[in-house]
Amino acid sequence: MADTKKEPFEDSAPKLLPVVPTIDVVVFPQMVVPLLVLDEKIINGIGRALEGDKRILLLAASGDMGGSHGPIGTEDLAKVGTIGKVMRAMSLPDGGQKVLVQGLLRCNVDEVTSEEDMLKGTISYLAFDRNENNDSVDNAIRGIISTIENTHGSSGLFGPDFHAILSQINDPERVVDFLLSHLSLDTAQAQKLLEKESLLELIAGIRESIEYELETSKVRESIRTNARDAINRSQREYYLREQLRAIQKELGEEAEDDLSAIKMKIEDGTMPEEAVKEARRQFSRLEKTSPDSLESAVIRNHLDWLTTLPWGVFTEDDLDLKHGKGILDEDHYGLNVIKERILDYLSVRALKNTCDVPILCFAGPPGVGKTSLGRSIARCLGRKFFRISLGGMHDESEIRGHRRTYVGALPGRIIQAIVKAGSSNPVLMIDEIDKVGNSGKGDPSSALLEVLDPEQNLAFYDNYLGVHFDLSKVMFITTANDLDQIPEPLRDRMEVIQLPGYLAEEKVEIAGQHLVPKAIESSGLAGKGVEFHPELIHAIVTRYTRESGVRELDRFIKKLCSKFARKFVEEKEKIQFKRENLIDFLGPSKVLFDKKLKNHKIGVTNGLAWTPYGGEVLQVEAVLMPGKGKLTLTGQLGEVMRESAQAAVSYIRSHAGGFGLDKSIFTDYDLHIHLPAGAVPKDGPSAGITLLSSILSVLTGREIDGNFAMTGELDLQGGVLPIGGLKEKILAAKQYGLENVIVPKDNERDLHGIDEMILKGIRLHFVDKVEEVIERVLLPKS
């Protein structure tokens, strides 16, 4: 093997050759490499070589350059390269060229020049040191071969025919070139080996690279073996994840697992036995699951919710009645009925440590303080507060939780609220309970039955958690605008407290105590001498708002404050505002109280109606015209109101003689009844006596006293039946300045729940029979 015969090309090698740069590869002697060439100069050089002896200069290109794929720079080419031979060249449709080259000899590059049509390199032959001991070279090569032959798995690294070919090569330099062509080397490492002038040093470098590759191969094989033992062979994705895990373990970079932390949370003694049992079962599954799998993430999320719930965490109720009353009075003006109910609860708790927690439902128009009152109750009791809005909810899973089989499953809103509140006895306000819908996904109102039933919420079951949770210590407060929209079984579980609208005087007080200070602070006007006199606030209330609550009033006050702020910034002086110049800042009055309500007219009666947004005054108009006895009803009336009109007509016809009417009037004339604001739907039975008054007025030609407003259902015997929403209707009459209100006698019992301020200035007329109504409102003919 020590034969070091002279290279046949040494003396005859040309001194000037076409240059072909290579990217990401160093071509060694005896190595065959395909190249893709796009640069025109390089293609020209290859063409020149094909016309001669086919020899070229192969130089590795360093840096971020095009090389054989594009434009090149001579400064980026290596100083040691390989003389090669073009074995085959094929032109491509895009103008490029695919070339197969073979390395022949190492060489030094003295100079690379870029001519107009090609790159040329001036070379000198690079020979190994001839003075090296041949025995040392032979021994070094035998050592490499022995290492390869004695290493298990080397055939997989070098190929099945590697050993057979190697045994047939006797020349040391060719053995070295053969080994180099089979190594996986990066460009920098390969270039260093190409530049070696000592054969012994080159052999040592090759041996180091081979030993590294063999060791790496053994590690990879070990990883494959360990991974195969732990996974299901049929799951490729699972297999790849296990390989990654095994690689991290071999490198000592395996991420620290937090299973111990989860285990500690489960065993800390706060969860009940049922929850601990479920958590342990899920933890056992987690230990057997790959941490990178989707199932692992689902289990971890479930355990996180289970262990984060405030099991057994309670806040202590503040039972100081004086302190509680002070907080309620500080936060809200009026609302005495609700305040008394909360103080009653505190009194019972003071006498008995455990008692049933009330489930309250605040019903009333928007803006009267239902939601803010819940926050004040929590503050009064010293409990955490959380609000849940159910408006538009139509999926039962929003309450009971989603089953974990669904992607993105979460606990229901109730459990989420408990976790966010951080205690097991917060005040949970369920807002807009009357606006819960239903669909094919279930009925959320039915799910709320379990939540709000004291007999069932001791063990509320959430589908996501898979365990029961005690909600009996939670104080639930619900809000609604329209109680009729709440299913009866759900309504039966709540203690309903009505919140009527505010009087103008109450709105002035609320604005002065709460709205104005907040608006001044938020507008940056604190300390700037801005004052809102009660007369100014009263003018805003009466001229710009017509609502039961105070939200619109709050918006106008904030708007006025923003005007104040701009005025102050521009003029830098104290601002004085009077009710007379409100129009300059808020525009024309938004509320036009109809002074014609009090006018005496034929066929026009002031009726009182209840809506979810408070009471309202509706005029009922009737006219008589020649015809054939037809009854026309307009104003978008509901079926109940239409039937009330028909009942009123029937009663009048049956008592025509008593009213002094000729029966021919019912066949020779048409009657048209209309309720203005035709775009607004209207319905309900309480307009019976109002419809009768308008009809009888137009039939008899007698005017109706405009100082009266009325409400009451009519029967065919002339009886006046009780109605609902009395408080709101009286409040509406008061707002419109109608001092006389006709009310069914049976509603007299409802007066005890109405504040004296609402009744002040109102004269109530309680009636049993239609005759009493007619006697009061129909004026004698002039």
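Results, tabulated for the structure shown:
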{"quantity": "Residue match in the range 726-744 (condition: in the same structural domain as K663 (by TED's automatic domain parsing), in a helix (DSSP H, G or I), farther than 18 Å from G614 by Cβ and modelled with pLDDT of 90 or more)", "calculated": "no"}
{"quantity": "Only listed residue being at pLDDT below 80 and either out of contact with any His (no Cβ under 7 Å at 6 or more places or on another chain) or of a type in the set (D, E, K, R) (or both), chosen from K601, K595, K558", "calculated": "K595"}
{"quantity": "Inter-residue pairs, beta-carbon under 7 Å, first not assigned by TED's automatic domain parsing to the domain that holds L59 and in the range 174-194, second surrounded by fewer than 16 Cβ atoms within 10 Å (Cβ to Cβ) and part of a loop (DSSP other than H, G, I, E, B), 6+ apart", "calculated": "T187/D24"}
{"quantity": "Hits in the range 311-331 - residues which are assigned to a loop (DSSP other than H, G, I, E, B) and in contact with a Ser or Thr (Cβ under 7 Å, 6 or more places away or on another chain)", "calculated": "W311, G312, V313, F314, T315"}
{"quantity": "Sole exception among (1) of a type in the set (S, T, N, Q); (2) farther than 15 Å from L692 by Cβ; (3) in contact with a helix residue (DSSP H, G or I) (Cβ under 7 Å, 6 or more places away or on another chain) for T632, by number", "calculated": "(3)"}
{"quantity": "Filter result for K528 (closer than 27 Å to D431 by Cβ and either crowded, with 21+ Cβ neighbours inside 10 Å or not polar (S, T, N, Q) (or both))", "calculated": "no"}
{"quantity": "Residue in the range 489-504 that is assigned to a helix (DSSP H, G or I), free of Cβ contacts under 8 Å to residues at least 40 places away in the same chain and of a type outside the set (A, V, I, L, M, F, W, C) present", "calculated": "no"}
{"quantity": "Any pair with Cβ under 6 angstrom, 6 or more apart, that starts in the range 751-763 at a residue that is assigned to a helix (DSSP H, G or I) and ends at one that is surrounded by 16 or more Cβ atoms within 10 Å (Cβ to Cβ) and modelled with pLDDT under 80", "calculated": "M757/L503"}
{"quantity": "Residues of the range 755-782 classified as more than 26 Å from S697 (Cβ to Cβ) and surrounded by 17 or more Cβ atoms within 10 Å (Cβ to Cβ), total", "calculated": "1"}
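The values are calculated or read from the model by the stated rules, or taken from the named source; none is laboratory data. If you're wondering where the values come from, they're calculated on a predicted model, not measured in any experiment. With ideal geometry, Cβ positions are generated from the backbone for all residues, glycine too; neighbour counts draw on all protein chains shown.
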